[in-house]
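Shown next, in structure tokens, is the structure this report addresses.
Please treat every number below as a calculation from the coordinates, not as lab data. From a predicted model like this one, the values you see are computed outputs, not experimental measurements. Counting neighbours? That spans all protein chains shown, and the Cβs are built from the backbone with ideal geometry, glycine included.
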Amino acid sequence: MAKFALGVTRLGFTALQAISPGLAGEAAFRLFCRTPPRHPQGAKAKAAHAAGMLWLKNAERIELPLADGRRAAAFRINGGALGKRKRYLLTHGWGSGMAYMTELIAYLGKDGAEVIGLDFPGHGLSGGRFLHMGLAVEAIAAAQERFGAFDAAIGHSFGGAALTVSATGILPNLRPIEVEKIVTIGSPSEMAWLFTDFGQMIGLGKSAQTALEGKVRRITGRQLADFDVVRPAGRLRAQVLTIHAEDDKEVGAHHARRYQAAGDAVRVFWANGFGHRRIIGAKPVLEEIEAFLGDRQAEEAGIAPFVTLPVRRASL
């Protein structure tokens, strides 16, 4: 948020919470869930987005219906009657989308695996400008309903956190994703810190901050503290590979260590030097994911891989 806009926002919330902390909390939640504009900023981001959108034209696009008339866009490669092969789900971070993750999609599908890339509501080619964890988990459930069970799911940043929340099954009325393996890349291990930092940024007092965090329970049926991989209300049953860089400036490295503390089924791979965004397409990361997934069966089965186009990458 630009300095001037932030100053105006803080003044507005100061005035509103003086009248009603509850209304201030409601307004803060709406602002918190408002997704960034889809138009990339800067030459590098524009180049990466354009290359990604061009690549996605070769993938099958499928619309997934969600509640309240919302829809989520999914992109599939190696779909159809190709015979038995692995099926993977890929999710993105806040403010991102599948256009920025085509290199990972192509790598996962290079030996014939069916790969589904999911644009969350408010991102990519999905509609709206609103997203929270409950909606993300709903979109994951819709993908599973449409495509069937996944062998593994891979998520970057917010997308990785959404996968672990889904896998624990803590959200009422939403079917958890049932996978043997999950890969998180630069993902937060809990969500409370985001609300705390956001509240401080816009100048919320204690009562308004409580109202903001209380909105989470009213929307999802769970307390904010439940969204924590170390202390889940449910239980994470999948094997987890957590990939993180100690130089990640958006999601601190301590989150990877918290994932590791969640149990013996979690192991951490440090991809230092790749930050928060370049880590997605880094060669050591791609190779580590491939080793973790152990997907070598397509070549033996004689499945023709998806024909990929060259993807020009740029840091965002």
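Can you give the convex hull volume per residue for the Cα atoms of segment 94-229, as a whole number of Å³? Don't skip to the end; give the middle numbers.
Values: hull volume 15.5 nm³, N = 136.
Once divided by residue count, the hull of segment 94-229 is 114 Å³.
Which angle between 0 and 90 degrees, to the nearest 10, do you get for helix 192-202 versus the longest principal axis of the chain when only C-alpha atoms count?
Tilt of helix 192-202: around 50 degrees.
How high is the relative contact order of the chain? Use alpha-carbon pairs under 8 Å, at least six apart in sequence, and give a whole percent. Numbers along the way, then the final one.
Numbers: 625 pairs, mean separation 65.5, N = 316.
21 percent.
Under 18 Å Cα-Cα from Lys84, which aspartates and glutamates qualify once same-chain neighbours fewer than 8 residues away are excluded?
Cα-Cα hits under 18 Å: Asp111, Glu114, Asp151, Glu180, Asp295, Glu299, Glu300.
Using 7 Å Cα-to-Cβ label points, what is the Glu178/Lys206 separation (nm, one decimal)?
For Glu178 paired with Lys206, the spin-label model returns 4.7 nm.
Cα axis of helix 21-33 to longest principal axis of the chain: angle in degrees, 0 to 90, nearest 10?
Here the helix axis deviates by roughly 20 degrees.
In segment 115-165, if every C-alpha pair distance is counted and binned at 10 Å from zero, what percent goes to each bin?
Taking every Cα pair in segment 115-165, the percentages come to 24, 61, 14, 0.
What is the magnitude of the charge dipole of the chain about its Cα centre, with +1 placed on the Cβ of each Lys and Arg, -1 on the Cβ of each Asp and Glu, and no other charges, expressed in debye to the nearest 20? Please list the in-between numbers first.
Working: 39 positive and 29 negative charges, 164 e Å.
So the magnitude is around 780 debye.
Can you bin segment 21-80 into rounded, prolate or oblate? Criterion: square roots of the alpha carbon gyration tensor eigenvalues sorted a ≥ b ≥ c, rounded for a/c under 1.5, prolate for a/b above b/c, oblate for the rest. Before the final figure, lay out the partial values.
Values: a/c = 5.13, a/b = 1.51, b/c = 3.40.
It is oblate, given that a/c is not under 1.5 and a/b is not larger than b/c.
Can you tell me how the chain classifies by the Cα gyration tensor, rounded, prolate or oblate, using a/c under 1.5 as the rounded cut? Numbers along the way, then the final one.
Values: a/c = 1.73, a/b = 1.57, b/c = 1.10.
Cα axes put the chain in the prolate bin.
Mind putting a number on the dipole of segment 1-146 about its Cα centre? Charges go on the C-beta only, +1 for Lys and Arg and -1 for Asp and Glu, and I need it in Debye to the nearest 20.
Numbers: 19 positive and 10 negative charges, 67 e Å.
Value, rounded to 20: 320 debye.
Listed here are the pairs Lys46/Lys206; Lys215/Lys283; Lys57/Lys181; Lys57/Lys215; Lys3/Lys46; Lys3/Lys283; which of them are more than 30 Å apart at the Cα?
Details: Lys46/Lys206 40 Å; Lys215/Lys283 41 Å; Lys57/Lys181 28 Å; Lys57/Lys215 39 Å; Lys3/Lys46 24 Å; Lys3/Lys283 37 Å.
Beyond 30 Å: Lys46/Lys206; Lys215/Lys283; Lys57/Lys215; Lys3/Lys283.
Relative to the longest principal Cα axis of the chain, at what angle does helix 283-293 sit, 0 to 90 degrees, rounded to 10?
Taking Cα atoms only, the helix is inclined about 80 degrees.
Mind checking the full-extension length gain between Thr14 and Arg61? Use 0.36 nm per residue of separation minus the Cα-Cα distance, one decimal, nm.
Working: separation 47, 0.36 × 47 = 16.92 nm, distance 4.46 nm.
That works out to 12.5 nm of additional length.
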